[in-house]
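Working notes, structure below.
The values are calculated or read from the model by the stated rules, or taken from the named source; none is laboratory data. No experiment lies behind these values; they were computed from the predicted model shown. In this analysis, Cβ positions are derived from the backbone assuming ideal geometry, glycine residues included, and neighbour counts consider all displayed protein chains.
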Amino acid sequence: MYQPRLETMPREELERLQLERLRRTLAHIKARNPRYAERFKGINPEDLTDLSQIKDLPFITKDELREAYPFGLACAPKEAFVRFHMSSGTTGTPVVNPFTRADVEQWAEIMARCLATAGVTHADVLQITPGFGLFNGGFGFHYGAERIGCFVVPIGPGRTLMQLKFMKDFGTTALAAISSYPLRLIEVAREEGFDFRETRLRVGIFGAEVWSDETRKYIEEAMGIETFDIIGMTETGGVGLGIDCKAHEGIHVWEDHYLVEIVDPETGKVLPDGQEGEMVVTTLTREGLPLIRYRTRDITRILSRERCACGRTMLRVARIKGRTDDMLKVKGVNFYPRQIEEILMRHPETTPEYLIRIGKRAGKDFIEILVETREQDETLRERLEEEVYNFLGFHARVVLLREGELPRREGKAKRVEKITD
Ligand SMILES: [Zn+2]
C-alpha cells in the first residue's frame with residue numbers, strides 16, 4: 001500500500017474526515033465563487049452535521065459544467081492555476097478542469113495509491129499509452145509513477161508496432177491503457193508473431209471505457225497478465241478515483257478524497273447499498289473545480305463498505321456496467337452495449353470487434369449486431385441470435401464478418417451506430 005494508514009482507516013474515522021472535508025469544500029466554494037455559491041444559498045457548512053444530509057444539496061451535471069466554460073465554476077484565482085485538462089467535447093463545448101498546484105499533488109497521491117494497489121513498485125517499468133495532453137490519462141499515470149519511483153516509458157497513444165518493440169526492449173512490466181487498446185496490441189502482436197509471454201509484462205491497468213468481464217478474461221489470457229480496472233474522469237480530477245485490488249472483488253474508491261452515492265437516474269433518489277444506479281461523486285480535496293454531487297452517468301452499485309481481503313476499508317463499487325447515455329432501447333427493452341459484448345465474447349470464434357447498429361426502419365425498431373469471426377459458421381449466427389433473445393429478450397439480426405472487416409480506430413472504440421431513416 002502506498003498510504004497504509006489512510007487506506008485502512010476505520011470507517012467511523014473515515015466518515016468523520018469526509019464530513020469535515022465536505023464542509024470545507026462547501027466553505028471553499030462559498031468563499032471563492034459567488035456564481036457557484038448561488039447553488040447553495042441558505043445552506044451553511046456548519047449546518048452539515050451528518051453525511052446523510054448531503055442528499056439535501058443540489059446535483060451538478062455535465063451540461064452545467066459545459067455551460068460554465070471555461071472558468072465559470074473555477075474556485076481559485078487565475079494565478080493559482082498551473083494547468084487545465086478537459087473532457088472530450090465530441091458534442092460541442094468541452095468541460096475544462098483547472099488544476100492548482102495542490103490539485104496536481106492530490107492527483108499524484110491517488111494515482112500512486114492506484115499503482116501500488118495493482119502491485120506496481122519502484123522496481124517496475126510502466127509503459128504509459130494514454131495521451132499526454134488535454135485529456136487526462138497520461139499525466140495522471142506519470143505523476144503516480146514518479147511517487148512510486150518506477151521507470152516510465154512515456155510513449156503515449158498509437159504507434160502500436162513501436163509499443164510492442166519498446167515493451168521488449170525496455171522490459172515493460174506494467175501497461176497503462178484505455179481498455180480497448182490492449183485488443184489492438186493483441187491483434188497486431190498476432191500479425192507480427194509477437195509473443196507477450198516472451199516479455200516481462202505482468203500487469204495491465206486499464207479503464208476509461210466500459211469493458212466486460214469476458215473482454216478482461218480475453219486480454220488476460222492473450223497477454224498472460226493480471227489486469228486492474230481503474231476509474232475516474234476529467235471532471236472529478238482525472239483517472240484514479242478508484243481501482244480494484246488483487247482480491248478483484250470490486251473497485252475501491254479513495255473515499256478520503258471522494259464521496260460516492262448511488263442514485264436512481266430517473267428520480268435522483270439515493271439508493272441503498274447493493275442497488276444499481278448512477279454514481280454521484282463529491283470531491284473532498286479538489287481546489288480548482290470542486291464538485292458537489294456530480295452526476296457521472298456511470299451505472300454501478302456499492303458492493304461493500306466492509307474491510308476487504310487486501311486490508312483496505314475504502315468502499316467497493318461494481319465494475320461500471322454502462323453510462324446512462326449509452327443505454328439503448330429496442331422493442332421496449334433497455335440494455336447496455338456491454339451486455340451484448342458479454343454474449344459475443346463467450347464465443348472463442350469471434351474477435352473482440354463488433355458494432356451494434358440500432359434505430360428505426362419504416363417506423364419499426366431494428367437492431368443488427370455485426371461481429372467479426374475467425375471462421376465462418378452459420379450455426380454460430382443462429383446461436384448468437386438465440387442467446388441475445390434468451391439474455392436480453394429481443395430478436396436481433398446477427399451479421400458475421402471476416403476478421404479485420406470492421407474499421408480499427410486509435411483512441412476509444414466505436415461500438416454503437418444509430419440509424420434512422
Ligand atoms: Zn481490496
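Restricting attention to the range 1-24, the residues being touching a Ser or Thr at 6+ places or on another chain (Cβ under 7 Å) and closer than 25 Å to Tyr294 by Cβ number 5. Every condition in (1) part of a strand (DSSP E or B); (2) touching a Pro at 6+ places or on another chain (Cβ under 9 Å); (3) not β-branched (Val, Ile, Thr) is met by Ser88 except one, and the failing one is (1).
Screening Gly42 on (1) assigned to a loop (DSSP other than H, G, I, E, B); (2) within 27 Å of Arg297 (Cβ to Cβ) shows it passes everything except condition (2). Checking each residue in the range 267-283 for being in a loop (DSSP other than H, G, I, E, B) and either within 16 Å of the ligand (Cβ to nearest atom) or under 30 Å from Ile225 (Cβ atoms) (or both) picks out only Glu276.
Within the range 263-281, track down each residue that is over 16 Å from the mean Cα position of the chain (by Cα) and either buried (at least 24 other Cβ atoms within 10 Å of the Cβ) or not polar (S, T, N, Q) (or both).
Val263, Asp264, Pro265, Glu266, Gly268, Lys269, Val270, Leu271, Pro272, Asp273, Gly274, Glu276
Among the residues examined, Asp256 does not qualify as touching a Phe, Trp or Tyr at 6+ places or on another chain (Cβ under 7 Å), touching a residue at least 60 places away in the same chain (Cβ under 8 Å), in the same structural domain as Glu209 (by TED's automatic domain parsing) and within 16 Å of the ligand (Cβ to nearest atom). Residue pairs whose Cβ atoms lie under 8 Å apart, separated by 6 or more positions or on different chains, with the first residue in the range 76-88 and exposed (fewer than 12 other Cβ atoms within 10 Å of the Cβ) and the second part of a loop (DSSP other than H, G, I, E, B), are Lys78/Phe71. Where strands (runs of 3 or more DSSP E) fall wholly inside the range 188-266, the ranges with 1 or more residues that are within 21 Å of Gly138 (Cα to Cα) and charged (D, E, K, R) are 226-233, 238-244.
Only a single item in (1) within 16 Å of the ligand (Cβ to nearest atom); (2) assigned to a loop (DSSP other than H, G, I, E, B) is not met by Arg286, and it is number (1).
Residues in the range 1-33 that are part of a helix (DSSP H, G or I) and aliphatic (A, V, I, L, M): Leu6, Leu14, Leu17, Leu19, Leu22, Leu26, Ala27, Ile29, Ala31. Restricting Leu183, Leu164, Leu134 to those that are of a type outside the set (Asp, Glu), within 22 Å of the chain's Cα centre (by Cα) and not in a loop (DSSP other than H, G, I, E, B) reduces the list to Leu183.
A count restricted to the range 103-131 and to residues that are outside any loop (DSSP other than H, G, I, E, B), within 19 Å of His85 (Cα to Cα) and not aliphatic (A, V, I, L, M) stands at 5. Does Glu261 fit the bill of being modelled with pLDDT under 95 and either more than 16 Å from the ligand (Cβ to nearest atom) or not assigned by TED's automatic domain parsing to the domain that holds Thr227 (or both)? No: the conditions fail for Glu261.
From Ile230, Ile299, grab the single residue that is surrounded by 22 or more Cβ atoms within 10 Å (Cβ to Cβ) and within 16 Å of the ligand (Cβ to nearest atom).
Answer to the check: Ile230.
When you check Arg159 against the structure, is it touching a residue at least 60 places away in the same chain (Cβ under 8 Å), basic (Lys, Arg) and in the same structural domain as Arg190 (by TED's automatic domain parsing), yes or no? Considered against the rule, which asks whether it is touching a residue at least 60 places away in the same chain (Cβ under 8 Å), basic (Lys, Arg) and in the same structural domain as Arg190 (by TED's automatic domain parsing), Arg159 comes out as no.
Any idea which of Thr93, Thr117 is assigned by TED's automatic domain parsing to the domain that holds Phe141 and modelled with pLDDT under 95?
The unique qualifying residue is Thr93.
Residues in the range 292-329 that are of a type in the set (S, T, N, Q) and touching a strand residue (DSSP E or B) at 6+ places or on another chain (Cβ under 7 Å) were compared, and the one that is farthest from Ile358 (Cα to Cα) is Ser304. Scanning the range 374-421 for residues that are farther than 16 Å from Val330 by Cα and polar (S, T, N, Q) yields Gln376, Thr379.
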